[in-house]
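The values are calculated or read from the model by the stated rules, or taken from the named source; none is laboratory data. These numbers were taken from a predicted model, which means no experiment stands behind them. Don't worry about glycine lacking a Cβ; one is built from the backbone with ideal geometry, like all the others, and counts go over all protein chains shown. For the accessible areas, the whole protein counts, side chains as well, though only heavy atoms, and no ligand, DNA or RNA atoms are used. Shrake-Rupley method; radii C 1.70, N 1.55, O 1.52, S 1.80 Å.
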Amino acid sequence: MTHYFGFALPEGQQEQLDALIEAHGQGVYSSQEEISRLAMLGVDGVVKALALDVIEILKHDQEGGSILDMVARLVTSTMHVLLRQLLGKVSSGEQDKLAAYMLRRRVDAPDGRRFGYAMPDTDGMRLQAALQRAMGPEVGSVRGELIEVMNLFIDLTTTYCYDEFTDCLELGFVKRKLVDVSRSTIQKAGHATVRKLLQRISDDQLRAVSQHYRHMLIVP
């Protein structure tokens, strides 16, 4: 059974992506400005779903919120700078690959279209099981395992939402180096944040955070 991760983009953004994909299918290529704008909006959507919405859950925990706010700002600034460097000029061939990438990020859930990806079955089942236990009375005993699977989740999201995106682009040595350094920065920050945050928040907060992520896990 395939597991999907996916979240709803801010109002209107999914429609803009769908329109771009449809136009591309009819042979209409987008402007550099439109590609850059939608790419940055996509980054902002990921950061909102994975970090900013969790800050709202932890709004009475100033330290926990500060930990997430710091990584959210780091990821956003790193990715915006990177995208400006990478998307200054995008060829027709690169746009073909980007359109196919955006189609792969389209997940149709029972409650509407989401931005996400299909997980390997083993990883999806493991994440689902850990989140489910963390939402119940076993929350205390599953904390360590949840840290492990959330770091796995970060790695999966990096693969599908970073590596697959940058692989669509024709990169020279300098840009490839920039991509590799940015990837390492984001991944290390994500892992460190998961460990620090999930070790310190209360059981009730851990249940609420787990419920948030479980809502984004789709099992047809």
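All of Val107, Val71 fail the test of being within 29 Å of Ala189 (Cα to Cα), part of a strand (DSSP E or B) and at pLDDT 90 or above, apart from Val107. Scanning region 114-138 for residues that are over 30 Å from Met102 (Cα atoms) and either open to solvent by 30 Å² or more (accessible area, probe 1.4 Å) or in contact with a Ser or Thr (Cβ under 8 Å, 6 or more places away or on another chain) (or both) returns Arg133, Ala134, Met135, Pro137, Glu138. Does at least one position in region 157-170 carry a residue that is open to solvent by 20 Å² or more (accessible area, probe 1.4 Å) and either aliphatic (A, V, I, L, M) or on the phi > 0 side of the Ramachandran plot (or both)? No, because not a single residue in region 157-170 is open to solvent by 20 Å² or more (accessible area, probe 1.4 Å) and either aliphatic (A, V, I, L, M) or on the phi > 0 side of the Ramachandran plot (or both).
When Gln199 is tested against (1) out of contact with any helix residue (DSSP H, G or I) (no Cβ under 6 Å at 6 or more places or on another chain); (2) open to solvent by 20 Å² or more (accessible area, probe 1.4 Å); (3) not in a helix (DSSP H, G or I), only condition (3) is not met. Every listed requirement among (1) assigned to a helix (DSSP H, G or I); (2) at pLDDT below 90; (3) within 16 Å of Arg207 (Cβ to Cβ); (4) open to solvent by less than 30 Å² (accessible area, probe 1.4 Å) is met by Leu146 save one, (2). Of Gly45, Gly25, all but one fail to be surrounded by 15 or more Cβ atoms within 10 Å (Cβ to Cβ) and either in contact (Cβ under 8 Å) with a residue 12 or more places away in the chain or over 27 Å from Met102 (Cβ atoms) (or both); the exception is Gly45. Working only within region 62-111, note down all residues that are open to solvent by 40 Å² or more (accessible area, probe 1.4 Å) and over 21 Å from Leu20 (Cα atoms). If the condition is that a residue be open to solvent by 40 Å² or more (accessible area, probe 1.4 Å) and over 21 Å from Leu20 (Cα atoms), then Gln62, Glu63, Ser66, Asp69, Met70, Arg73, Leu74, Ser77, Val81, Gln85, Pro110, Asp111 are the ones that fit. Do we find that Glu56 is free of Cβ contacts under 8 Å to residues at least 60 places away in the same chain and closer than 30 Å to Gln199 by Cα in this structure? Taking the combined requirement at face value, the residue satisfies it. A count restricted to region 2-60 and to residues that are part of a loop (DSSP other than H, G, I, E, B) and out of contact with any Phe, Trp or Tyr (no Cβ under 7 Å at 6 or more places or on another chain) stands at 14.
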